[in-house]
Amino acid sequence: MRSRHVVWFGMLILAWPAVGQYQQATPGYHYEFPRDHFNHEGFQTEWWYYTGNVTAEDGHRFGFELTFFRQGVDRSNAKPDTWAVEDIYLAHLALSDIDGSRFYHQERTNRAGPGIAGISATEKRIWNGNWSASWEDDQQRLEATQEQLSFSLFLDPEKPPVIHGENGISQKAAGSGHASHYTSLTRLNARGTITVEGRNYAISGLAWMDHEFFTEQLAEDQAGWDWISAQLGDGTELMLYRMRKKDGAMDSFSSGTFVDTHGRASHLRGTDFSMIPGRDVWKSAETGAVYPIQWSVSVPKLGLQLEVRTQLKQQELASRSGAAPSYWEGAVEFRGRQADAAVDGVGYLEMTGYDRPVALGNAGRSGVSR
């Protein structure tokens, strides 16, 4: 008898065969774009993460997040069925109104059904209801509508895709398969419209896209991670993730990537940087989690020292459905020095596993795991 995982899907309880029917993320994967921007059905978990810092024409500042998840359930059905649940599709929508001191977020969960949610390389589209990301050549369009807010954004890449890790994988723990295939578009020029509470804002700024696919990642002694994306004013980018063990220590499998002004990526091992939480914390009244919202980052080999802060403490996506754990992800600012020059920038900070450890195996980033 095969072991099975169980997850809530609305009012249904779904059970599916464990990871044995899916591929592992192993070294030597050959990436091909634009194909690898889309679905990889052989892997159990996959996500697309869009985050950005944008400013309206009147100077009003926002952070935005639109994310899509595909969680493999069971591909053993011999007969196609429109309502069969081969995959679960989750999505998160969030807006950080920095100057208005408000945070909005929504989540949704769907099956594919007759076109309700899905990913199509042919159509160059990812969608969950009326939330979508679509491609026309290199340009992407994000669209999302919810009761209190909506996005219509165009994203144009300044740099080619970045492949994180070494030999095609981003290793998260010891052992074969405890890894992901992880790519990013680290500098996207964003423009379009954000509507909040009935008011329209014409915006422009910078966005970042992460795409990750895998079957297993975390080890039993790991509780979660802290992740930052930094888009610096000198035209470079930095991604770091700090894997946390259940005893609070930083795991040696933490790593990152530095991207220079020409788009060339350099891998950073856990020994190449430090991420140290500061004294400024925020406690969630909803989940009880206490998040450090001030960080000091050091990458000595780059001569880079950064202080990470946020203007909006409440940016927790508290799960309302129970289908995903809660996590903090929000817009942040960077100030510091690189070599002898002052540097600043914007980006995003994600912190997971502060209300409870992230689940193992099929658990993924933000609850389906980075």
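The values are calculated or read from the model by the stated rules, or taken from the named source; none is laboratory data. This is a predicted model, so every value here is computed, not measured. A quick note on method: Cβ atoms are made from the backbone with ideal geometry, for glycine too, and the neighbour counts reach across all protein chains shown.
Some values worked out for this structure:
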{"quantity": "Residues satisfying the stated conditions in the range 270-313, i.e. touching a strand residue (DSSP E or B) at 6+ places or on another chain (Cβ under 6 Å) and of a type in the set (D, E, K, R)", "calculated": "K283, E307, R309, K313"}
{"quantity": "Residue match in the range 246-255 (condition: out of contact with any helix residue (DSSP H, G or I) (no Cβ under 9 Å at 6 or more places or on another chain), closer than 29 Å to S176 by Cβ and buried (at least 20 other Cβ atoms within 10 Å of the Cβ))", "calculated": "no"}
{"quantity": "Residues that are β-branched (V, I, T), within 20 Å of the chain's Cα centre (by Cα) and within 17 Å of G353 (Cα to Cα), drawn from the range 238-296", "calculated": "I293"}
{"quantity": "Entirely in the range 265-339, the strands (runs of 3 or more DSSP E) that have 1 or more residues that are closer than 23 Å to H164 by Cβ", "calculated": "265-269, 274-277, 295-299, 304-309, 327-338"}
{"quantity": "Filtered residue count, the range 149-187, keeping only those that are on the phi > 0 side of the Ramachandran plot and either of a type in the set (G, A, S) or surrounded by 20 or more Cβ atoms within 10 Å (Cβ to Cβ) (or both)", "calculated": "4"}
{"quantity": "Residue list for the range 126-146, restricted to those being within 15 Å of A91 (Cβ to Cβ) and of a type in the set (D, E)", "calculated": "E143"}
{"quantity": "W83 vs. criteria modelled with pLDDT under 90, over 19 Å from I169 (Cβ atoms) and in a loop (DSSP other than H, G, I, E, B)", "calculated": "yes"}
{"quantity": "All positions within the range 288-314 that are over 24 Å from K172 (Cβ atoms) and of a type outside the set (A, V, I, L, M)", "calculated": "G288, Q294, G303, Q305, E307, R309, T310, Q311, K313, Q314"}
{"quantity": "Which listed residue, of T186, T195, is of a type in the set (S, T, N, Q), over 20 Å from the mean Cα position of the chain (by Cα) and part of a strand (DSSP E or B)", "calculated": "T195"}
{"quantity": "Spans of strands (runs of 3 or more DSSP E) in the range 220-261 with at least 1 residues at pLDDT below 85 and of a type outside the set (D, E, K, R)", "calculated": "222-232"}
